[in-house]
Structure formats: C-alpha cells, structure tokens
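The structure appears below as structure tokens.
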Amino acid sequence: MSAATEPGKTTPLTGAHVALGGRMVAFAGYDMPVQYADGVLKEHLWTRAHCGLFDVSHMGPAFLQLARPSGDPDADHAAVAALLEPLVCGDLKGLKRGQLRYTLLLNAEGGILDDLMVGRAVTDERQGMLQLVVNAGTKDADFALIAAAVGDAAELIRADEGALIAVQGPEAEAVVSAIIPEAAGLSFMTFTPALLDDHRITLSRCGYTGEDGYEILVPAELAVPLWTRLLADGRARPIGLGARDSLRLEAGLPLYGHDLDETVSPIEAALDFAVSKRRLKAEDFPGAARAVGELAGRLTRRRVGLRVLEGAPAREGAEIADGSGAVVGVVTSGGFSPSLGAPIAMGYVPPTLAEPGVALGVIVRGKRQAAEVIQMPFVPHRYRRKA
Amino acid sequence: MRFSKDHEWVEVTDGVATIGITAYAAGQLGDVVFVELPAVGKQVKAGDDLAVVESVKAASDVYAPVSGEVIEANGPVVDSPDTVNASPEHSGWFVKLKLANPAEVDALMDKAAYEQFLQTL
C-alpha cells in the first residue's frame, strides 16, 4: 500500500505534518499530508462543522508588478490588468481595490490551462500590482507563460517559498480574527495586507471548500508559529488533501487536471460566471469566438453534477450512460460525500442531458448504476459576504 | 487465524473459511464507506477478486486468499460499512468460503509471521 518514491519538495510545514501523524503522499512534486490520524471522513465533517487548517503552500502565490508605475493609482491598476487580461477571460480592469476574482488561464483555442485567483492591491503605492494564486501542478508553466506575455513591462515575483495556510469552516472567522483582527472585517473574495509579529502577511477571505474561510500567505519563518497558534484554538484541526478533495467536490468546485484541462472551455466547464460580459462582448480573450458560439448553442458537452442513486461511488474515468445504455460521457471526479452520506460525481455529458433531473447511469466495474443530474453545489456554499 | 500478504485474514472451522481484511488494512484504508461482496455460489480461486472495499478517497480490491465456493456473504457490512473499521477481524468479516483445497490455508502466514511482515512495510 506504500510505494518508495523520490522524496518530494517540502513546505515550511512539512515537519509539523509529520509530527501530527500526517500520512505523507506525493502530490504535484511535493510531499503533502493526505490525512492525519482522524482520517478523511472525520476531517471532512470537522471542517463543515468547525474549522479546518490546510497547508496549501504547494500552490503558486505570486505578484505581478508593473515595472514602471506612473504613480497614478488607477492608471497603474489599468496598466497591470491590461498586461494579464489577454491570457484570461475575467474582468481584471474592473476589480476593486482588495477584491479577488476567480478566473481562467486560456490557450489560443480557449482551452483551460489553469484556474486561478487574481486580486487587485489595496494601497495607493501598490496599485501597479496584482496578486495571483495558481495551482501547484501547473505553476511553473503558468508563471513562464505570464512572464513571457508581459515581457519587460512587468515582473512576476513568485511567493511560493513562503507558506499558504487555508483556514476553512464556520468557525474560521472566530479562530483567525483572534490572531489577526483584520479577519473579521473582510468580505468573502476580498483580501488585505496585515501585520503579524512585525511581518507583512496577506490575508484573503476565500477558499475552495464551499465554506467561509481564509487563505493566509506568510513568510516561511512565520509558518510554524502561525500554524501552532491556529491549532492551539481547539476549534481548529489539521485537514489533509483527502478531505480537501471531498470538500471541494461537495461544493461543486472543479479540480484542475481532473475536471478541467486544456481541451475544456470555460463554457463546457459550466464556469460561465468566470467569463466577463465585457470581454465576451469585445471578444478580446483567447477562444472568445468559441465561447460566443458555445453560448449560442454550439456546445457538445457540459460539466454537470451527478447524484449516484445506488451502489458504489463512481470515480474519475467511470463512463456515463443515457437511458438507452449508450455511453454519453465520463466522470471526471467522484467519490463518497461525507455530508450527504451518498456517492456524488461530476462529469461531462451532452448539453441535452445536462438539465437537473435527467436520469442517467454510471458504469462502475461493468455494472450500470442509476444516477441523476443535480444542480451543484451538492452542499450549499456558506460564504460570508459583507454589505 | 491466518493472514495473506494482501492483508486478508482467514479463520477455518469445519472446512469453511471466514475471510475479512486485517486491522492493519482497515487502518490503511481509513473510514470504509462502501463494501461490495460476491454472490453466494460464486467459485473463486486463490488470488481472484473477491470483494471491493471503498473509502472516501479510493476503491481497493480484496483478493481471495484461498480457493472455494462462496456460501455466505456478510450482509451487515454492506448495510453498515463502518463495521469494517470498528471490528475488522470479527463482525466485519466479508464472506464464508467452502474450501476447495484446505492445504492453501497452511501456506498463509500465522499471526507472528504476519506481524513480522508488517514490520517490513
């Protein structure tokens, strides 16, 4: 059940995971905890009920800094946004200060190279800067692509030698604000710089579990002290990548490399919300014409949520069949939902079969099991957006 | 009780082998959320797929450690898969096989040998 592999890269928290009994596995070139002693099921339910701590330092935080800012805050934001917009389908120019946006990095055919978060800086003197967080497995390619595209007009500054700690769950606000008072005032999908032990940190109210929560970017030397302080609050427990995956699946959130890849467009992936209306109208992002056509009905597949009504969990790669038994699609992630106590999955089917209520089947180990298209998220999001 | 390198256990009474997965295997799998057992009457050879056990994260095959005919499947573990974690080597048993070749049991490890084997993992 264990295979000897090359030692992976570490994060500033690797030693803490081992000390906590984390079962370490190779993930995107890093040794990461897939679970701790509690196990995936308990860790998942604890996060939904209380507060989970996740080391996501393997991901790719970075800053894109305008090389020659004018000093005019709005002009500088517009300039740095204009450098990144040609690579993504989101509205970056329209970001407010301190606002985060989920967007998609696209290739020339409009296929998804990665999904990422982009934030506009808060203070006047940093308006020529965007904050990015990309996925672990894609970060080197993403950063190379972005650096090449912006040329000498901006500098891409990686921040992945530090630590990124996600704190997720209904008690995350109480746990984090006891240590970082700025946490309570943030609305979901906003961020702020803050000071912790005289170090500058970045506190973002966001996450990928469907719960309220934060991602805290800190210098490496603050990682263990902050992790230890968070854990000392009895409401917070360490949560591994196993539960991170089941949490995001229940939240209906796609995982890059599984539910999204470079052949899939934002519209096929049912990420229409991530395609800016302004940019769609202007058709000024890669694959814009494809997106316009897909929205007009020229669509061959669409990502849907499936409730598996009987039998075993349908996992990635399981075929999806229609009422006649014909194979019409494939599961891209699936498993057992701890919150619902039943198997759930997401996958791609023709748009005529993508409406909630459509009866389908999933083929698991050669046997057809009844499934039904249902509206995602499977478990309601509980983000806290302040007025 | 005898043990296989694939972490199944076998207990033989009057030519009938009760089979399950070991406490070590249950611990490695984590919380079991689904168990699929073979139909009564199925003939299996040692090494064949016998059952499937799934955690939140993954599906794992359970192999037949010995050959024989399935004469009983443990329904309660299908209805309450967490029985496998709560009592892997007692009430969490999977199937009973009528042994085709009792000598196969002798080829499996005894408890001391299995515990020594676990040390090598």
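The values are calculated or read from the model by the stated rules, or taken from the named source; none is laboratory data. Being a predicted model, the structure only gives us computed values, none of them experimental. Positions of Cβ are backbone-derived with ideal geometry, glycine not excepted, and every protein chain shown enters the neighbour counts.
Miscellaneous remarks
- Only one of the listed residues (A:Ala232, A:Ala174, A:Ala194) is under 20 Å from A:Val133 (Cβ atoms), surrounded by fewer than 23 Cβ atoms within 10 Å (Cβ to Cβ) and not β-branched (Val, Ile, Thr). That residue is A:Ala194.
- Residues of the stretch A:7-47 that are more than 14 Å from chain B (Cβ to nearest Cβ) and part of a loop (DSSP other than H, G, I, E, B): A:Pro7, A:Gly8, A:Thr10, A:Thr11, A:Pro12, A:Leu13, A:Leu20, A:Ala28, A:Gly29.
- No other residue among A:Thr352, A:Thr300 is closer than 15 Å to A:Glu268 by Cβ and free of Cβ contacts under 8 Å to residues at least 12 places away in the same chain apart from A:Thr352.
- Scanning the stretch B:37-80 for residues that are surrounded by fewer than 20 Cβ atoms within 10 Å (Cβ to Cβ), under 30 Å from A:Leu247 (Cα atoms) and either under 12 Å from the mean Cα position of the chain (by Cα) or within 14 Å of chain A (Cβ to nearest Cβ) (or both) gives B:Val52, B:Ala58, B:Ala59, B:Ser60, B:Asp61, B:Val78, B:Asp79, B:Ser80.
- Of all the criteria given as (1) over 16 Å from A:Pro254 (Cα atoms); (2) more than 14 Å from chain B (Cβ to nearest Cβ), the one not satisfied by A:Val308 is (2).
- Verdict on A:Ile344 being under 25 Å from the mean Cα position of the chain (by Cα) and either buried (at least 20 other Cβ atoms within 10 Å of the Cβ) or closer than 24 Å to A:Ala243 by Cβ (or both): yes
- Some residue of the stretch A:184-197 being away from every other protein chain (no Cβ under 14 Å) and either closer than 26 Å to A:Ala26 by Cα or assigned to a helix (DSSP H, G or I) (or both): yes
- A single entry from A:Ala282, A:Ala274 fulfils the requirement of being modelled with pLDDT of 95 or more, in contact with a Gly (Cβ under 7 Å, 6 or more places away or on another chain) and not assigned by TED's automatic domain parsing to the domain that holds A:Arg48: A:Ala274.
- Selection within the stretch B:81-121 - within 14 Å of chain A (Cβ to nearest Cβ), surrounded by 15 or more Cβ atoms within 10 Å (Cβ to Cβ) and polar (S, T, N, Q): B:Asn85
- Matching residues, the stretch B:47-70, being within 19 Å of B:Thr18 (Cβ to Cβ) and touching a Leu at 6+ places or on another chain (Cβ under 7 Å): B:Ala51, B:Val53, B:Val62, B:Tyr63, B:Ala64, B:Pro65, B:Val66, B:Gly68, B:Glu69, B:Val70
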